[in-house]
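Here is the structure we will look at.
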C-alpha cells in the first residue's frame, strides 16, 4: 500500500501530465468531436487507474523539491506525453494527406464530406477513410495498447528525465518516414490507376479533339475509383492498422 502523502498527490499529478499530454495529441481521443470535458475525465481516470503501478517510481524523487524543480518536472512530463501522442498523430496526418491526393486523382477532390478528425472540409472519400480508421482503432482495442505503451514509456523515459529535444526530433523524423512509406504503399494502386486512365484519356483527346473526352470520361474514372476503394479498402486499412500497432508496441 502507498501512503496518502502530499508527495503522492504530486506524483499522481505528474502521471496526469504525461497521460493528459498523450491523449491531447493521440488519434481518436484528440478529435474535436470529443468534448474537452470527456477528454479531461478520461485522462484523470487513466491517471488514477495507473497511479498504484507508477507511483513507486516517484518515491524519493519528489520529496522536498524546490518549486523550480517541480515546474521542470511538470513541463518535462507534459512534453513527453505530447511527443508520444504526436508520434501516433503522424499516422493520421499522413493517411489524411495520401487519401486527399488519391481522392483528387480519381475525381472526388471537389466533393466535400463530413469532417471526421479535423475542422477543415475534406473530400467525402477521405472523410470516410478517416472515420473508418478512427473507429477501427477503438474496435480493435488499440486504446488499451496505448495505455500499456504509456506505462512502458516510464521504463525508457524515467520520471523527471524528459525525452530530450534530439531524441524527440529523431523519433519524429523516423515516424514521418515510416508513415509516408506506409501511405505510399496504401495509395500506390490509386496512383497507378490515375496515371493510366488520365494517360488514356489524353491519348483519346489527341485522337478525337472535337470530343470533350475528359468530361465524358470523368464519371467512368470516378466509378473505377469507387470500385477500387470497394475491393481494396480491407487490405489498405489492415496495412494502416498494422503500422499503427507497430508504433504502439515500439513506443
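The values are calculated or read from the model by the stated rules, or taken from the named source; none is laboratory data. These numbers come from a predicted model, not from an experiment. Reconstructed Cβ throughout: ideal geometry from the backbone, glycine too, with neighbour counts over all protein chains shown.
Within the option set 189, 159, being in contact with a helix residue (DSSP H, G or I) (Cβ under 7 Å, 6 or more places away or on another chain) and not in a helix (DSSP H, G or I) holds for one residue only, 159.
Within the range 43-68, the set of residues being part of a helix (DSSP H, G or I), more than 18 Å from the chain's Cα centre (by Cα) and surrounded by 14 or more Cβ atoms within 10 Å (Cβ to Cβ) comprises 44, 46, 47, 50, 51, 54, 55, 57. The single condition among (1) in contact (Cβ under 8 Å) with a residue 40 or more places away in the chain; (2) within 30 Å of residue 55 (Cβ to Cβ) that residue 166 does not satisfy is (1). A Cβ distance below 7 Å, combined with a sequence gap of six or more or placement on separate chains, defines the contacts here; from the range 46-69, residues that are at pLDDT 80 or above reach residues that are part of a loop (DSSP other than H, G, I, E, B) and crowded, with 16+ Cβ neighbours inside 10 Å in the pairs 57/159; 58/159. Look through the range 203-215, keep the residues that are surrounded by fewer than 12 Cβ atoms within 10 Å (Cβ to Cβ) and part of a helix (DSSP H, G or I), and return whichever of them is nearest to the chain's Cα centre (by Cα). If we take residues in the range 203-215 being surrounded by fewer than 12 Cβ atoms within 10 Å (Cβ to Cβ) and part of a helix (DSSP H, G or I), then 215 is nearest to the chain's Cα centre (by Cα). Just a yes or no: is a residue in the range 216-230 outside any helix (DSSP H, G or I), exposed (fewer than 15 other Cβ atoms within 10 Å of the Cβ) and modelled with pLDDT under 80? Taking every residue of the range 216-230 in turn, none turns out to be outside any helix (DSSP H, G or I), exposed (fewer than 15 other Cβ atoms within 10 Å of the Cβ) and modelled with pLDDT under 80.
Which residues, taken from the range 235-244, are without any contact (Cβ under 8 Å) to a residue 12 or more places away in the chain and either outside any helix (DSSP H, G or I) or over 11 Å from residue 136 (Cβ atoms) (or both)? 235, 242, listed by residue number. The residue that is modelled with the highest pLDDT, counting only those in the range 102-151 that are part of a loop (DSSP other than H, G, I, E, B) and touching a strand residue (DSSP E or B) at 6+ places or on another chain (Cβ under 7 Å), is 108.
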